[in-house]
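The values are calculated or read from the model by the stated rules, or taken from the named source; none is laboratory data. Here the structure is a predicted model, which is why all the values come from computation and not from measurement. Here Cβ is always computed from backbone atoms with ideal geometry, including for glycine, and neighbour counts include all displayed protein chains. Just the protein is used for accessible areas: all its heavy atoms, side chains included, with ligands, DNA and RNA removed. Shrake-Rupley method; radii C 1.70, N 1.55, O 1.52, S 1.80 Å.
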Amino acid sequence: MTDSTLSIGQLHSHFSEMEKRRRLYTVLFIAGSLIIFFGGFSIAENLNSGGFWQGLSKFMDYPAAIVSDTLNADDWLVTIVGHVPALIETINMAAVSTLFGTLFAMILAFCSSRNLGIFAWIVPIARRLMDITRAFPELIIALFLIYLLGATPIPAIIAVAFHTAGALGKLFSEVNENIDKKPLEGLQATGATWLQRMRFGVLPQVLPNYCSYALLRFEINIRASAILGFVGAGGIGQEFRTAISWGAGDQISALFLLLFLTIVAIDQISSRIRRSLVGGAFQMA
Amino acid sequence: MLEIRTLTKKFADMTAVDSVSLTIPEGSMVGIIGRSGAGKSTLLRMVNRLAEPTKGTIRFHGQEVSSLKGAGLRQWQASCAMIFQQFNLVPRLDVLTNVMLGRLNHIGTVRSVFKLFSDKDRMDGLLALERLGIEQTALQPAGTLSGGQQQRVAIARALVQKPKLILADEPIASLDPLNAKLVMDALKRINEEDGITVVCNLHTLDTARSYCERIVGMSKGKVIFDGGPNDLTTDEAREIYGAGDDFNEAATSTSISAAASEKTPEADIDEPAASGKVVNL
Amino acid sequence: MLEIRTLTKKFADMTAVDSVSLTIPEGSMVGIIGRSGAGKSTLLRMVNRLAEPTKGTIRFHGQEVSSLKGAGLRQWQASCAMIFQQFNLVPRLDVLTNVMLGRLNHIGTVRSVFKLFSDKDRMDGLLALERLGIEQTALQPAGTLSGGQQQRVAIARALVQKPKLILADEPIASLDPLNAKLVMDALKRINEEDGITVVCNLHTLDTARSYCERIVGMSKGKVIFDGGPNDLTTDEAREIYGAGDDFNEAATSTSISAAASEKTPEADIDEPAASGKVVNL
Amino acid sequence: EDLTEIRIGILGGENASDRLKAYTCLEEKVEALMGVEASVFAPADYSGVIEGLLGGNLDLAWLGASGYAAVYIADPEAVEPVLVKVNTDGSYGYYSIGFARVDSGITSLDDMKEKVFAFGDPNSTSGYLIPSIEIPQKGYSMKPGEYFKDIKFSGGHEQTIVGVFNGDYDGGVTWADGLGTWEEGFNSGALRKATDAGLVDMTEIREIWRSDVIPEGPFVVRKSLPEDAKVKLTGLLASLPSMDPDCAYGVLAGDAKGLAPITHKAYVSVIEARKAKIKN
Amino acid sequence: MSISRAEVLKTSRRATIWPIAGLILAFVYLAYAWFAFDVGGVLAKADWERGALMSRDSFHYKYQVELARRNDELSVTVEGGRGTEQDPLPAWITTDGKQTRVDLGDGYRAVMNANALTYTEPDGRQFVAEIKGKEVVVNGYRAFLDETESRYRYFPETAPERTNVVDYADLVALGVLPDGSSFAPSKFEFHPDYYKDVRITRAQIRVQRYFFGWEYFWFGPQSPLVDKSAAEVWGIVWSGDRIDPALSNAEFVFLQFWRNPDWQHNEMFTALLETLLMALLGTFVAAGVGLPLGFLAAANFNPMFASRMVLRRLFDFLRGIDQIIWSLIFIRAFGLGPLTGSLAIAFTDTGTLGKLFSEAIENIDNKQVEGVRSTGAAAVQRYRFGVIPQILPVFVSQTLYYLESNIRSATVIGALGAGGIGLKLVQALQTHKDWENVMYLIFLTLIVVVAMDIGSGWLRRKLIGESTH
Ligand SMILES: Nc1ncnc2c1ncn2[C@@H]1O[C@H](COP(=O)(O)OP(=O)(O)OP(=O)(O)O)[C@@H](O)[C@H]1O
Ligand SMILES: Nc1ncnc2c1ncn2[C@@H]1O[C@H](COP(=O)(O)OP(=O)(O)OP(=O)(O)O)[C@@H](O)[C@H]1O
Ligand SMILES: [Mg+2]
Ligand SMILES: [Mg+2]
């Protein structure tokens, strides 16, 4: 205890004050939430071209139209299969950008973790770099690059990788900062170089977490790649956009089903891998 | 021969190690005792150069090691193995790899990054494990081993470093009695058979008495006792531990039920069976 | 007076507590010992009704508590405080609120949900903390306290329940020796000063001997010993711990020095100094 | 139905932020005239306005002919066309222009065999609908791989122009009013905007195909608006060029002679074309 | 069971393969991707020049001196925009009604008259481009399109039609054309560097000069404050004589800035607010709905397996559909605007947060609940004191985390229809020329995203303390 001892009476009044303050915070918090909720809702409703309550009745119109189109389509299965190459392109886009993003994220993370004994001046630089890469929405970068590189998947890959580097870098550096330093010290005592210390003292500790985060990011990146397709970066997003523009319900439902199944499948697979990674020892290390 | 001269370490305004001078002849087994905060760990860490001395010199066979840098420093660290209270292994790597990490200094960085150890390294590691009686665990992740086994892995790692000196910082503080004994026995045996100098921080008087031919007592960063086990009277101990007249020696050991409580009673029951005997090492 | 009759608890096909009958008079302090898995925790949990008995009855002052439900059950739980090995506090709440949780049963649900405790509750809580010497921590989050302090908070919580009975499940197993002593002393004092019955699971013989006037030994769900500390011979202990002839009592304690001390004559200089005496709480 | 708000939709895509600026004057006039709030919405692409009109969430919009057709096909009761822009030369039409790079050696559709051809937005009249009908009529199949090596949607007029200029596509279509000089990208249209923005050098591309004249898209109002509101809005728009030429210049995206009344009839053929497209 | 030495060695040796195999696999995959996406081809075609133009336009503005040949009218504008006509002319432009001289800086000069553009380089080299008939003649040469070779070639004006034909490179070598210019029958155009541009066509003669900065950023061209220095504006703010009798000078100055028609600060601010609103409202609704649903989907709260299953699948469904698709569904029903965006965010994140919360609830430390229960607490009290304090940190930190990331998502959803800053950005991008606006918007977006990051980090620390995680 740094402060001097308090009498029971003092403690009692301090506590009552603390409780009052907390209650005030709680009330303020609840009031704030209600204001954000109701105030925000009414502002948003005003700014919207359509209203919330009028819209509710029409809510199912669009899904219903899609379903009826789908039911009327003759060769829906063929439609589905026809979109598979685009889906594969999207998955590839996501995979490549996740790979590169993860690589840069690792470099950034190792440079931005104070506890690993890297030069102190690198740390703030790497951190600001991460903040900046994280802050850019992928879409903006993609649109820029499409302007430079043309409407191909590459702008999307670069954009997603760029954002991934920042987002994963932050998570990775948090992992790095929470590592157990004992193995590092053990290695230092054997006369290992910095690289060797990172390789054997840090990597085995963090790799399962890295992989787990990277897999999560892969899922997110599939969606991101699909969205970037909307602005011309190819893949399933582009087909989505065409289908939606044309109001071709059977196409929309086919694409939607493909995307949904992919995301669910990857979710399942990656959560299984992640569980086994964090559970068991990780031999790649 | 390790010569320490007026070695000092200051943290901010507090002096952890205060002008310590010691000469440790080759092949000896020295125990360092002292209460918590006396500066034992800091002293050993300076010798291995995990901590930078503020002042003073360390010489080994005449070579000044306290001013080494870069590759020379790593060379020295490789020849001066360190064993830690918490083992400091890499828990996710298998035992054999952990042991081979002791050879990192002899392997190129690139090769080591890809774990391209040579067959000889592997064999050395395995032999070290065999010597400590834990070769059967070679392929398990180190983290799955019991504390005593892990500490023996750490000793095996120290062995493959082919060190001239082993520094052990409270190697048995986290271990239960049976394992503590196995580990101390192993260190003793290495000291006797290989003639490697062993300097060992200990936090219990009795262990120091049973295993070390020379005991150094530290208090507030200074060496205040240096002699054989029999020179260490209760009065001396009292001074080392800075206790008053009510000092009782058991205070240097952790009593009622000791810290480690996870252990099940069964584990203890076997203990006396082993005690006093060197089990298959 | 707590009367337990043929109390049994089965988990699937294994019987954790096997037809235990015990009568514990008011104001006594009883220690329950036994190896891991003997059924000690399950027994206590059934008394507090955290676990449902499979068979048998529990009566307290003649009232059958083993069949209580709803408000009646909660009433019973309020009057039968429980202390856990892992403290089971809410680490994010401050210490005083944690203590006042002991009064939940006396406060309306709605009031308690908004944490509208009365001044009297607060005062009671503070006094209980003061009694245990930790009133200065009242405003801290419970999670920031040391283990020993947390366990004393748990005891304070038990105290404000104004219980007729305190059940403590290995209250010192996670504590270091000094804290263990503080906690056991506190329980003893409550037992002596307030006359509250205390039933306490312990995993070390010596603690049970020093603090309890009566010791119950369990093995495989059955009570196989019931008597005073002096009735507990090494043979009895051997049976309770299911050990062979090589059993030695120190084995139930996990300290290295306890085991080694038999060899070194100095060890027993003044070993008994602390034991058995209640130091200023 | 009580009018509380007039919601105006503008086709997004090309230069929407400038158009939003340009529409603020219209917004003010509508507010003054109708006594209710007016707001302008500019979604990112054609389908945004179409969905808005279909959902009854927009009251007034200027659509392309094909956009109108899309709305009409989905729900004939959603909107009605009221006015159309008349160009300075009195015409109310424009053209879909096919173009390719000069150095590609392509001078007409005949040279486009086995080449990549780019459309804009699938909801665009000039960027997709009309060429996709008229080009096959001339004997060039629009099935990818049959005559052209591939058919791509660039996403919009700008993207088509940039794509062709860059060499991503061998040829593409966009719109222009057909007036003025080629070097300057005609008087108005996507090519003019791209030239002004420095995106293309018109001397490096050339025209390889031109559609029949396409009727300008109509201004439409929501059918379910009260009759007097429709009349007021129509009147306001029609008188805009004479009352406030600067505002009209912005709203009509360039010089125009004025606005003329128009009915659904003018778009029947476009609607038929679109219907035919959907069937395939 | 014991393992032999040989076995240990073999297994250990074999384990070395994994890191190497992993690396090789990654390389093989990347090589495949390289070809699948034709990276080489794309890079070869990339137009870096355009990138340079873009970055110049982002931080520069240009004066445009234009002579329309239709009516011989001279106009000097900024960025070619209506309403930015310069009067009086800047000192580097002089005109006597017939001839206009433009100093392009760095010793470059241009002279425009009714039919001709004369452009002089610092070293004295002069290029004269004239309109003769329908065509442009540069230093005595005409251009024509060589159909057989699909490129422009040139011949001397004096020579008979299409004889003595030379190529572009020859003209450059002869000093007739400046290197890098573009010369076609109807047009001559040249920009010696990124800051100057001269052009002549049948319809117009145009000279452009670029200056660093964002012109009219503070006050629009029509504003009375446009030429004032910062100190002067400051003086006006504090002076008593009102410029506009209806407003105080401070208000006047602010409104002049705020309603700047060129940069539309007010609109951008509204758009930012819309985006913020989308993210806030969406995340709040998702958290508010996700929490109770999370409880219902947690096995230790809701014992009914079937209802838990239904909820979990619902979460998957909500998460599985992307926000963009949700927003498309909602546009039809609710129209365009932030409400649509927030609903899209709310739907997906209800799935995500509901799942996260239910997992957090399932993973709570039961000891605390048991501790509370052992005092005789009722069920509600057990949840209040045993469960809520445990999941509150998860609730707060996850909600804030999603709020952060939803600010970015809201820009994206906005861009594709729902409005806000994202839409403004896409629209500015699509003009391919308002790069300064794009930059401005990007700065705004970044500021908001970073501010949100910092703010939520601060809030997180305030609410749940430093030590969590
Ligand atoms: N990195 C450090 N920064 C600041 N003070 C330190 C640091 N390391 C050790 N100290 C201080 O130096 C003194 C000596 O510490 P040291 O760890 O050497 O003692 P010790 O004898 O090993 O004690 P223990 O038995 O607790 O391990 C202690 O007071 C400690 O607080
Ligand atoms: N919830 C449960 N489900 C199944 N088996 C249980 C459960 N709780 C306890 N058991 C089993 O009942 C037996 C008695 O357990 P109990 O916890 O009462 O022993 P204990 O004497 O307290 O041991 P310890 O010293 O390890 O706490 C053990 O075999 C245990 O595995
Ligand atoms: Mg130490
Ligand atoms: Mg137990």
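Once segment B:56-68 is narrowed to residues that are touching a Ser or Thr at 6+ places or on another chain (Cβ under 7 Å) and of a type in the set (Val, Ile, Thr), the residue that is least open to solvent (accessible area, probe 1.4 Å) is B:ILE58. Residues of segment E:158-180 include at least one that is open to solvent by less than 20 Å² (accessible area, probe 1.4 Å) and not in a loop (DSSP other than H, G, I, E, B). Among the residues of segment E:401-420, those identified as open to solvent by less than 10 Å² (accessible area, probe 1.4 Å), under 19 Å from E:GLY335 (Cβ atoms), in contact (Cβ under 8 Å) with a residue 40 or more places away in the chain and part of a helix (DSSP H, G or I) are E:ALA410, E:ILE413, E:GLY414, E:GLY417, E:ALA418. Restricting attention to segment B:182-204 and to residues that are away from ligand 3 (no atom under 16 Å from the Cβ) and open to solvent by 40 Å² or more (accessible area, probe 1.4 Å), the residue that is nearest to the chain's Cα centre (by Cα) turns out to be B:LYS188. When restricted to residues that are of a type in the set (Val, Ile, Thr), in a loop (DSSP other than H, G, I, E, B) and open to solvent by 10 Å² or more (accessible area, probe 1.4 Å), segment C:90-136 contains 1. Each residue in segment B:239-257 was checked for being at pLDDT 80 or above and open to solvent by 20 Å² or more (accessible area, probe 1.4 Å), and 1 pass. Applying a threshold of 7 Å to beta carbon distances and a minimum spacing of six or more residues, or different chains, the list of pairs starting in segment B:187-212 at a residue that is within 19 Å of B:SER36 (Cβ to Cβ) and ending at one that is of a type in the set (A, V, I, L, M) and open to solvent by 40 Å² or more (accessible area, probe 1.4 Å) reads B:THR204/C:ILE256. Checking each residue in segment E:27-43 for being at the interface with another protein chain (Cβ under 10 Å from one of its Cβ atoms), aliphatic (A, V, I, L, M) and surrounded by fewer than 13 Cβ atoms within 10 Å (Cβ to Cβ) picks out only E:LEU43.
Of the residues making up segment B:143-173, those that are within 16 Å of ligand 3 (Cβ to nearest atom) and either open to solvent by 20 Å² or more (accessible area, probe 1.4 Å) or not in a helix (DSSP H, G or I) (or both) are B:LEU167, B:ALA168, B:ASP169, B:GLU170, B:PRO171, B:ILE172, B:ALA173. Within segment C:44-51, identify whether any single residue is assigned to a strand (DSSP E or B), within 15 Å of ligand 4 (Cβ to nearest atom) and not hydroxyl-bearing (Ser, Thr, Tyr), and answer yes or no. Within segment C:44-51, none of the residues are assigned to a strand (DSSP E or B), within 15 Å of ligand 4 (Cβ to nearest atom) and not hydroxyl-bearing (Ser, Thr, Tyr). Here the condition is being more than 7 Å from every other protein chain (Cβ to nearest Cβ) and surrounded by 11 or more Cβ atoms within 10 Å (Cβ to Cβ); of A:PHE29, A:PHE41, it holds for A:PHE29 alone. Among all residues of segment D:136-150, there is none that is within 11 Å of chain A (Cβ to nearest Cβ), under 22 Å from D:ARG101 (Cβ atoms) and surrounded by 21 or more Cβ atoms within 10 Å (Cβ to Cβ). Residues in segment B:69-86 that are at pLDDT below 90 and more than 7 Å from chain A (Cβ to nearest Cβ) were compared, and the one that is least open to solvent (accessible area, probe 1.4 Å) is B:GLY70. Whenever a residue of segment E:229-254 is closer than 14 Å to E:TRP218 by Cα, it has no partner that is open to solvent by 80 Å² or more (accessible area, probe 1.4 Å) and among the β-branched types (Val, Ile, Thr) lying with C-beta atoms less than 8 angstrom away and at least six residues away or across chains.
Scanning segment E:404-437 for residues that are more than 7 Å from chain D (Cβ to nearest Cβ) and among the β-branched types (Val, Ile, Thr) gives E:ILE407, E:THR411, E:VAL412, E:ILE413, E:ILE421.
Residues in segment A:125-174 that are within 8 Å of chain E (Cβ to nearest Cβ), part of a loop (DSSP other than H, G, I, E, B) and open to solvent by 10 Å² or more (accessible area, probe 1.4 Å): A:PHE136, A:THR152. When restricted to residues that are within 7 Å of chain A (Cβ to nearest Cβ) and either under 26 Å from the mean Cα position of the chain (by Cα) or at pLDDT below 80 (or both), segment E:330-340 contains 7. Residues that are more than 7 Å from chain B (Cβ to nearest Cβ), open to solvent by 20 Å² or more (accessible area, probe 1.4 Å) and farther than 17 Å from B:GLY70 by Cα within segment A:180-211 comprise A:ASP180, A:LYS181, A:LEU203, A:LEU207, A:ASN209, A:CYS211, listed in sequence order. Give the residue, chosen from B:SER36, B:SER21, that is among the hydroxyl-bearing types (Ser, Thr, Tyr), loosely packed, with under 15 Cβ neighbours inside 10 Å and within 16 Å of ligand 3 (Cβ to nearest atom). From the options B:SER36, B:SER21, the qualifying one is B:SER36. Every listed requirement among (1) in a strand (DSSP E or B); (2) at the interface with another protein chain (Cβ under 7 Å from one of its Cβ atoms); (3) among the β-branched types (Val, Ile, Thr) is met by E:VAL76 save one, (2).
Taking the criterion of being in a strand (DSSP E or B) and surrounded by fewer than 12 Cβ atoms within 10 Å (Cβ to Cβ), the only residue of segment E:123-157 that qualifies is E:LYS132. Among residues of segment C:114-138 that are facing chain A (nearest Cβ under 8 Å), those with a beta-carbon under 6 Å from a residue that is polar (S, T, N, Q) at least six positions away or on a different chain give the pairs C:GLN136/A:THR5.
Tallying residues that are in a helix (DSSP H, G or I) and either open to solvent by 10 Å² or more (accessible area, probe 1.4 Å) or out of contact with any helix residue (DSSP H, G or I) (no Cβ under 9 Å at 6 or more places or on another chain) (or both) within segment D:51-72 yields 4. Residues that are part of a helix (DSSP H, G or I) and touching a residue at least 40 places away in the same chain (Cβ under 8 Å) within segment D:182-223 comprise D:ALA190, D:LEU191, D:LYS193, D:THR203, D:GLU204, listed in sequence order. Filtering segment D:193-218 to residues that are surrounded by fewer than 20 Cβ atoms within 10 Å (Cβ to Cβ) and basic (Lys, Arg) leaves D:ARG206, D:ARG210. Considering (1) under 19 Å from the mean Cα position of the chain (by Cα); (2) free of Cβ contacts under 8 Å to residues at least 40 places away in the same chain; (3) within 16 Å of ligand 4 (Cβ to nearest atom), the lone condition that C:ILE32 does not fulfil carries the number (2). Collect the residues in segment E:61-94 that are in contact with a helix residue (DSSP H, G or I) (Cβ under 8 Å, 6 or more places away or on another chain) and either in contact (Cβ under 8 Å) with a residue 40 or more places away in the chain or not assigned by TED's automatic domain parsing to the domain that holds E:ALA110 (or both), keeping them in residue-number order. The one that is in contact with a helix residue (DSSP H, G or I) (Cβ under 8 Å, 6 or more places away or on another chain) and either in contact (Cβ under 8 Å) with a residue 40 or more places away in the chain or not assigned by TED's automatic domain parsing to the domain that holds E:ALA110 (or both): E:TYR61.
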